[in-house]
Amino acid sequence: MSDKFHEWQAVIGLEIHVQLNTKSKLFSVAPNRFGDEPNVNITEVCTGQPGALPVLNEEALKKAILFGLAINGKISQFSTFDRKSYFYPDSPRNFQITQFDNPIVQGGTIIADVNGKTKEFKVHHAHIEDDAGMLKHFSTFAGVDYNRAGVPLIEVVSEPCMHSSKEASAYAMALKAIMQYINASDCNMEEGSLRVDVNISVRPKNEKKLRNKIEIKNLNSFAFIEAAIELEIQRQISLYTENPHEDMNKLIPPSTYRYDPSKKELILMRRKETSDDYRYFPEPDLVPIILAPSYIEEIKKTLPELPHERFKRYVSELGLSEYNASILVNDKKLADYFEEALKIAPNAKNLCNWITVEFFGRLKENQTLFSLNIPSNHIAKLVNMVDKGTITGKIAKSVADEMILKPILDPEEIVKMNPDFQPIADTSIIEPLVDQVIKENPQAVQDYKAGKTKAFASLIGQVMKLTKGKSSPDVVNALLKKKLDQ
């Protein structure tokens, strides 16, 4: 990147839409379910039939309050709904029911780890709204699927407090983890359960005011978030530096773009609307939400251990590196899997390494530990077998290969069934090999006697090599030490 880019600062804010995993939709009894045949999960409310009246889903409200409490936001004891008017085929009512003037959550903080540093990002507000339907394009026609129309959303609006693509993706990952930990959403980005809109402007580092921003809509992966932000930052800086005498507002007019991952480019969708274009006004069919402090307090009691709290515990109590702790914590399902295995295998560092390195490295494309149904206690048993010296690390790697091929098999059974996986503990077999290694490595023997501990490890390695990694490390260690000290 040229020097001119280092003289500029990006200012980034995110609007993240999260579909809530309630059984029914936000204002109707229609099922909230992904993947069904088009237009089967609908009622007269979802399709905007005349006279149909919305009724608020209390479970969606509870999940929104729980999220607000998780980020230490202020829960509004008085909040209201508004109509946001727009005309598009996927909106059967020609308006969205949202919260414009009085959102359910105000303020809050999301803690994320960026390049090994813990940072706090401020949330402006979070509000409840219903989703639109989905346009589906075919070769000769387009259709509208209203199954998604009316699905409950929380839209979380950050302050413009991020200054790099890494910070933005870290914030989004942390928010996703919070939603999963409080069981508000599955956050499946491929299915559209979590969608990110990015707002970006740039300014010289010595400038305080904000310049015009560009919005990039519906980013559905963290890699795309980073790639789109990088492109837009470079585009804006280039426009400003190459046209220093042009009107800034004409150079970068407020606009909405989308990111094309196949072409790796941003495509203009439309010039930016203002709030006046949406003609917001109070929703006449819904009464205000009035919450008693006791109601909020009862919901607060259900808060689980949150991602950053778990991260700190993994680092301070279990001794995991910040990198490994982040890998686990950012995937709640994986962290829960680790927690279950930890009940059996107390060596947290080794357990983490086997889960996140050894087994992940053996997975093929589209495979996961969960799709293979490898029980967490099986990996825990394997780790214990290595720690106790029942099998060597090399044998354990071969056992792991078998566990991937036959996920239902217990590692202890795999070892019993295969003679090649039985470690050699017979001293009558190992002792001659120890003698051979001592004879063939006089320099290493001298180094050991001179106090160089690495020499001892080297000699052990030579014996293990002769037995193809199958001899018991404890037996080799004891025999070698005894002979060298004589």
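Please treat every number below as a calculation from the coordinates, not as lab data. Predicted model, so just to flag it, every value in this text is computed and none were measured. Here the Cβ is made from the backbone with ideal geometry for all residues, glycine too, and neighbour counts use every protein chain on show.
Between the range 3-40 and the range 164-187, what is the C-alpha centre distance in whole Å?
12
Rounded, prolate or oblate: pick one for the range 180-289, where a ≥ b ≥ c are the square roots of the eigenvalues of its C-alpha gyration tensor, a/c under 1.5 means rounded, and failing that, prolate if a/b is larger than b/c, else oblate.
It comes out oblate by the Cα gyration axes.
When only C-alpha pairs under 8 Å and at least 6 residues apart count, what is the relative contact order of the chain, in percent?
14
Using only the alpha carbon atoms of the range 91-154, find the Kirkwood hydrodynamic radius as the inverse mean reciprocal pair distance, in angstroms to one decimal.
Averaging 1/r across every pair of different Cα atoms and inverting gives 14.8 Å.
So which trypsin sites (Lys or Arg not before Pro) in the range 253-330 are both in a DSSP loop and have at most 10 other Cβ atoms within 10 Å of their Cβ?
The qualifying sites are Lys263, Lys301.
Listed here are the pairs Lys349/Lys465; Lys208/Lys332; Lys333/Lys381; Lys25/Lys343; Lys117/Lys381; which of them are more than 28 Å apart at the Cα?
Lys208/Lys332; Lys25/Lys343; Lys117/Lys381
What aspartates and glutamates could a cross-link reach from Lys312, if we take a straight Cα to Cα line under 12 Å and drop same-chain neighbours fewer than 8 places away?
By straight Cα distance, Lys312 reaches Asp113, Glu322.
For the chain, take the longest principal axis of its alpha carbons; what is the angle in degrees between that and the long axis of helix 473-485, to the nearest 10 within 0 to 90?
Rounded to the nearest ten degrees, it is 40.
Would you work out the charge dipole size for the range 427-485 about its Cα centre, treating the Cβ of every Lys and Arg as +1 and the Cβ of every Asp and Glu as -1, and quote it to the nearest 20 debye? Let's see the in-between values first.
Numbers: 10 positive and 6 negative charges, 26 e Å.
In total the dipole reaches around 120 debye.
Pick out, from Val386, Val114, Ser24, the residue whose Cα sits farthest towards the positive end of the charge dipole of the chain, with +1 on the Cβ of Lys and Arg and -1 on the Cβ of Asp and Glu.
Val386
Which whole number of Å³ per residue matches the convex hull of the alpha-carbon atoms in the chain?
218
Once the Cα atoms of helix 453-466 and of the chain are each reduced to a long axis, what angle between those two axes, in degrees from 0 to 90 to the nearest 10, is obtained?
Taking the Cα atoms of the chain, the angle to 453-466 is about 80 degrees.
Let me know the charge dipole size of the chain about its Cα centre in debye, to the nearest 20, where only the beta-carbon of Lys, Arg (+1) and Asp, Glu (-1) is charged. Working shown, then result.
Numbers: 61 positive and 65 negative charges, 259 e Å.
Result for the chain is approximately 1240 debye, rounded to the nearest 20.
Between 0 and 90 degrees, rounded to the nearest ten: what's the tilt of helix 393-405 against the longest Cα principal axis of the chain?
Roughly 50 degrees, rounded to the nearest 10.
Mean separation of Cα pairs under 8 Å and 6+ residues apart, divided by the residue count of the range 427-485: what relative contact order is that in percent?
That works out to 38 percent.
Quick one: putting +1 on the C-beta of Lys and Arg, -1 on the C-beta of Asp and Glu, what dipole do you get for the range 204-330 around its Cα centre, in Debye to the nearest 20?
On the way: 20 positive and 21 negative charges, 56 e Å.
The calculation lands at about 260 debye.
Just rank Leu219, Leu484, Leu369, fewest to most, by other beta-carbon atoms within 10 angstrom.
By the 10 Å Cβ count, ascending: Leu484, Leu369, Leu219.
In the structure displayed, which of Lys416/Lys468; Lys84/Lys176; Lys205/Lys263; Lys454/Lys483 lie more than 22 Å apart, Cα to Cα?
Details: Lys416/Lys468 19 Å; Lys84/Lys176 26 Å; Lys205/Lys263 31 Å; Lys454/Lys483 17 Å.
The answer is Lys84/Lys176; Lys205/Lys263.
What is the Cα radius of gyration of the range 427-485 over 2.2 N^0.38 Å, N being its residue count? Display every interim value, and only then the final one.
On the way: Rg = 10.3 Å, N = 59, 2.2 N^0.38 = 10.4 Å.
Working it through for the range 427-485, the quotient is 0.99.
Find which of Gly133, Leu363, Gly13 sits farthest along the positive direction of the dipole of the chain, computed with +1 on the beta-carbon of Lys and Arg, -1 on that of Asp and Glu, about the Cα centre.
Looking along the dipole axis, the top candidate is Leu363.
Using every alpha carbon pair in the range 369-479, what percent of pairs falls into each 5 Å bin from 0 up to the bin containing the largest distance?
2, 12, 20, 18, 14, 12, 9, 7, 4, 2, 0
Compare the Cα positions of Ser238, Ile252, Gln462 along the charge dipole of the chain (+1 at Cβ of Lys, Arg; -1 at Cβ of Asp, Glu; about the Cα centre) and return the one farthest towards the positive end.
It is Gln462.
Against the globular-protein guess of 2.2 N^0.38 Å, express the Cα radius of gyration of the range 286-348 as a ratio, rounded to two decimals.
On the way: Rg = 16.9 Å, N = 63, 2.2 N^0.38 = 10.6 Å.
Normalised Cα radius of gyration, the range 286-348: 1.59.
Any chance you could check the Cα centroid distance between the range 200-214 and the range 443-469 for me, in angstrom?
Cα centroid to Cα centroid, the span is 62 Å.
Tell me which residues come under 5 Å, amide H to amide H, from Tyr257 once H is placed; ignore anything under 5 positions away on its chain.
Glu215, Ile216, Lys217, Met269
How many nm separate the modelled label positions at Tyr88 and Leu268, each set 7 Å beyond the Cα in the direction of the Cβ?
Output for this residue pair reads 1.9 nm.
If you keep only loop residues by DSSP, which GluC sites (Glu not before Pro) in the range 42-121 have at most 10 other Cβ atoms within 10 Å of their Cβ?
Details: sites: Glu44, Glu58, Glu59, Glu120; in loops: Glu44.
The qualifying sites: there are none.
Only helical DSSP H runs with n ≥ 4 go in: add -39500 (n - 2.57) per run for the chain, normalise by residue count and round the 222 nm mean residue ellipticity to 500 deg cm²/dmol. Display every interim value, and only then the final one.
Values: 17 runs with 183 residues, N = 486.
Per the formula, -11500 deg cm²/dmol.
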